[in-house]
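*Asks:* Got a structure for you, written out below as structure tokens; questions coming shortly.
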Amino acid sequence: MNTLKAEKRSMDVKAKRLRREGYVTGNVFGREIEGSIPVKMLKNEVDKLLKTDHKGSQVMLDGQTYDALIKEVDFNPLAGRVDEIDFQALVSNEKVHSVAEIVIVNHDKVADGVLQENMEEINYRAYPSALVDKVEVDVAGLKVGDTIRVKDLSLAKDKDVDIKDDPEAVVLTVVAVHNGAVPETVTPEEAETEETK
């Protein structure tokens, strides 16, 4: 787990001014915190953290001493920077809602057909000890008509995790290439048709 230095900030200083001075602002909230705690973090430290961590990642907030979950990252595309990050302070005996990124591995080892990805992340609730920020899906050997659903993911098999997405939802499916062209979109219904052929 990575550590990020987060100092409590005074609300007398405007967020805009802090950003000009090289800070990212944010808030820490949680069951054992009344309201929320406004914090500021050095921009270069936030940028470094976000190279490996993202929404759904668990970090230790140094200075506030909180084991926290990154709940929201507010990226400003015009300025090309992160303006704000919200954190949820974790309590060991309380389940929290989070998201995990779906990461496909062995993309180049699909036996035949083309991968059609329908989901990029999965929603779930879990105790802090069971939190993950990514779920790997190995697609080596898959062929046309093969489908992976939410219930097939390793995370869905973890008894400490409550999946919030439909267990039957299609994560990815392998479709045939027609006339050498990759289909634009494949609906779960079309994927079903492929399966039954």
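The values are calculated or read from the model by the stated rules, or taken from the named source; none is laboratory data. Since the model is a prediction, treat every value here as computed from it, not as a measurement. All Cβ positions, even for glycine, are placed from backbone atoms using ideal geometry, and neighbour counts span all protein chains on display. Keep in mind that these areas ignore ligands, DNA and RNA; they rest on the heavy atoms of the full protein, side chains included. Shrake-Rupley method; radii C 1.70, N 1.55, O 1.52, S 1.80 Å.
*Asks:* Can you compute the FRET efficiency between Ala169 and Asp138 using 1/(1 + (r/R0)^6), with r the Cβ-Cβ distance and R0 = 22 Å? Round to the nearest 0.05.
*Replies:* Numbers: r = 19 Å, r/R0 = 0.86.
It comes to 0.70.
*Asks:* For the stretch 147-163, just list the computed ³J(HN,Hα) in residue order, Karplus coefficients 6.51, -1.76 and 1.60, θ = phi - 60°, integers in Hz, with x standing in for Gly and Pro.
*Replies:* Rounded to whole hertz, the list is 10, 10, 10, 3, 5, 7, 6, 4, 4, 5, 8, 7, 5, 8, 10, 9, 6.
*Asks:* State, to one decimal in nm, how far the label point of Lys5 lies from the label point of Glu34, with both points 7 Å from Cα in the Cβ direction.
*Replies:* For Lys5 paired with Glu34, the spin-label model returns 3.0 nm.
*Asks:* As a test of the formula, what do you get for the chain when each DSSP H run with n ≥ 4 contributes -39,500 (n - 2.57) and the sum is divided by the residue count, at 222 nm and rounded to the nearest 500 deg cm²/dmol?
*Replies:* After summing the helix terms and dividing by the residues of the chain, the value is -3000 deg cm²/dmol.
*Asks:* When the distances between all Cα atoms of the stretch 50-128 are binned every 5 Å from zero, what whole-number percent does each bin get?
*Replies:* Cα pair-distance distribution for the stretch 50-128, in percent: 3, 12, 18, 19, 15, 13, 9, 7, 3, 1, 0.
*Asks:* Here's a follow-up. Rounded to the nearest 0.05, what FRET efficiency is calculated for Arg17 and His54 with R0 set to 25 Å and r the Cβ-Cβ distance?
*Replies:* Efficiency, from the Cβ-Cβ distance: 0.40.
*Asks:* Now, a different point. With every protein chain present, what is the per residue accessible area of the chain (1.4 Å probe, Å²)?
*Replies:* Computed with neighbouring chains in place, this is 57 Å² per residue.
*Asks:* Let me ask another. Counting alpha carbon pairs within less than 8 Å and at least 6 residues apart, what relative contact order, in whole percent, applies to the chain?
*Replies:* 17
*Asks:* Within straight cross-link reach of Lys8, meaning Cα distance under 27 Å, which lysines are found once same-chain residues fewer than 8 apart are removed?
*Replies:* Within the straight-line limit of under 27 Å, Lys8 reaches these lysines: Lys16, Lys40, Lys43, Lys48, Lys51, Lys55, Lys71, Lys95.
*Asks:* Over the chain, with a single point scatterer placed on each C-alpha, what log10 of the ratio I(q)/I(0) does the Debye formula yield at q = 0.09, 0.11, 0.15 1/Å?
*Replies:* Normalising to I(0) and taking log10 leaves -0.45, -0.63, -0.93.
*Asks:* Between the stretch 110-124 and the stretch 78-105, what is the separation of their alpha carbon centroids in Å?
*Replies:* Cα centres, the stretch 110-124 to the stretch 78-105: 22 Å.
*Asks:* Please report how far the C-alpha centroid of the stretch 132-147 lies from that of the stretch 1-55, rounded to the nearest whole angstrom.
*Replies:* What the calculation gives is 36 Å, centre to centre.
*Asks:* Leaving out ligands, DNA and RNA, what percent of the accessible area of the chain is carbon and sulfur, probe 1.4 Å?
*Replies:* So the carbon and sulfur contribution to the accessible surface is 46 percent.
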